[in-house]
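Peer 1: Pasting in a structure now, in structure tokens, and then I'll have a few things to ask.
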Amino acid sequence: IPADEAHLPPFDPDAEAVTYDGSHGYWHLESHGLEPAFPFGFGLSYTGWELGDLAVSEDAEGHTAEISVTNTGARRGTTVVQAYVRRPERPSARLVAFDRLELDPGETGAARLRVDRSSISLRRDGAWVSPRAWDLTVGLWAGDDRRAWSMAARPDGLAADRDAGVGR
């Protein structure tokens, strides 16, 4: 949600057609360096949440990110753990997976986020290709980059394994 009406793209109420580029909605705010009133995916909660270490595994169809989540508050609560991918070709992050957890106070659960190859692929010359490098962030809303993981290209042109999860 934009923090100010001036953060919205121009709009002509008399126009018969409007064409937007790939930078609209949350992507528009992010690509212009505008801070939203509430980030994409943000949800209010009556409890607190702590994210554990991020582990990413790969198989033929894609990647699976797993992360522990602890309810640090005094109430039972629900949260949605979200995975975003950012590619060098597209500066804005894209939501690719999410997992909903409901936990009692002090309880720890595991979120499992499936990132299929199709969700990170790019369309080039009429074919879908996997990018050689991309970043995955896992958090509780867009821009919550407490846990990050990077896929870098190897000299043989294939995707390398990871640049391990970083937390703060």
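The values are calculated or read from the model by the stated rules, or taken from the named source; none is laboratory data. No experiment lies behind these values; they were computed from the predicted model shown. Every residue, glycine among them, receives a Cβ derived from its backbone with ideal geometry; neighbour counts consider all protein chains shown. Keep in mind that these areas ignore ligands, DNA and RNA; they rest on the heavy atoms of the full protein, side chains included. Shrake-Rupley method; radii C 1.70, N 1.55, O 1.52, S 1.80 Å.
Peer 1: Identify all residues within the range 18-64 that are under 15 Å from Leu140 (Cβ atoms) and among the polar types (S, T, N, Q); write none if there are none.
Peer 2: Ser45, Thr47
Peer 1: Something else: Kindly indicate the residue of the range 74-85 that is small (Gly, Ala, Ser) and open to solvent by less than 90 Å² (accessible area, probe 1.4 Å) and also nearest to Arg117 (Cα to Cα) among those meeting that condition.
Peer 2: Looking at the filtered set, the residue picked out is Ala83.
Peer 1: Next up: Being without any contact (Cβ under 8 Å) to a residue 24 or more places away in the chain and not in a loop (DSSP other than H, G, I, E, B) is the filter; apply it to the range 1-42 and report the residue that is surrounded by the most Cβ atoms within 10 Å (Cβ to Cβ).
Peer 2: His28
Peer 1: Only one of (1) at pLDDT below 90; (2) farther than 27 Å from Ser150 by Cβ; (3) out of contact with any strand residue (DSSP E or B) (no Cβ under 7 Å at 6 or more places or on another chain) is not met by Ile1, so which one is it?
Peer 2: All conditions pass for Ile1, except number (3).
Peer 1: Next question, about the same structure. Is it fair to say Pro88 is closer than 30 Å to Ser130 by Cβ, modelled with pLDDT under 80 and open to solvent by 80 Å² or more (accessible area, probe 1.4 Å)?
Peer 2: yes
Peer 1: Filter the range 127-158 down to residues that are open to solvent by 40 Å² or more (accessible area, probe 1.4 Å) and modelled with pLDDT under 85, then give me how many there are.
Peer 2: Result for the range 127-158: 14.
Peer 1: Out of all the residues in the range 110-126, which are closer than 16 Å to Leu51 by Cβ and surrounded by fewer than 17 Cβ atoms within 10 Å (Cβ to Cβ)?
Peer 2: Matches in the range 110-126: Ala110, Arg112.
Peer 1: Do we find a residue being assigned to a loop (DSSP other than H, G, I, E, B), open to solvent by 60 Å² or more (accessible area, probe 1.4 Å) and either more than 29 Å from Ala110 (Cβ to Cβ) or in contact with an Asp or Glu (Cβ under 7 Å, 6 or more places away or on another chain) (or both) anywhere in the range 43-56?
Peer 2: Checking the range 43-56: not a single residue is assigned to a loop (DSSP other than H, G, I, E, B), open to solvent by 60 Å² or more (accessible area, probe 1.4 Å) and either more than 29 Å from Ala110 (Cβ to Cβ) or in contact with an Asp or Glu (Cβ under 7 Å, 6 or more places away or on another chain) (or both).
Peer 1: Among the residues of the range 114-149, which ones are touching a residue at least 40 places away in the same chain (Cβ under 8 Å) and assigned to a strand (DSSP E or B)?
Peer 2: Correct list: Arg114, Val115, Asp116, Trp134, Asp135, Leu136, Thr137, Val138, Gly139, Arg147, Ala148, Trp149.
Peer 1: Which pairs turn up if I take residues in the range 82-111 that are under 17 Å from Thr47 (Cα atoms) and look for partners that are among the basic types (Lys, Arg) and assigned to a loop (DSSP other than H, G, I, E, B) with beta carbon separation below 6 Å, at least 6 apart in sequence or on another chain?
Peer 2: Pairs found: Asp104/Arg76.
Peer 1: Condition test on Thr64, is it part of a strand (DSSP E or B) and over 19 Å from Asp145 (Cβ atoms)?
Peer 2: In short, yes.
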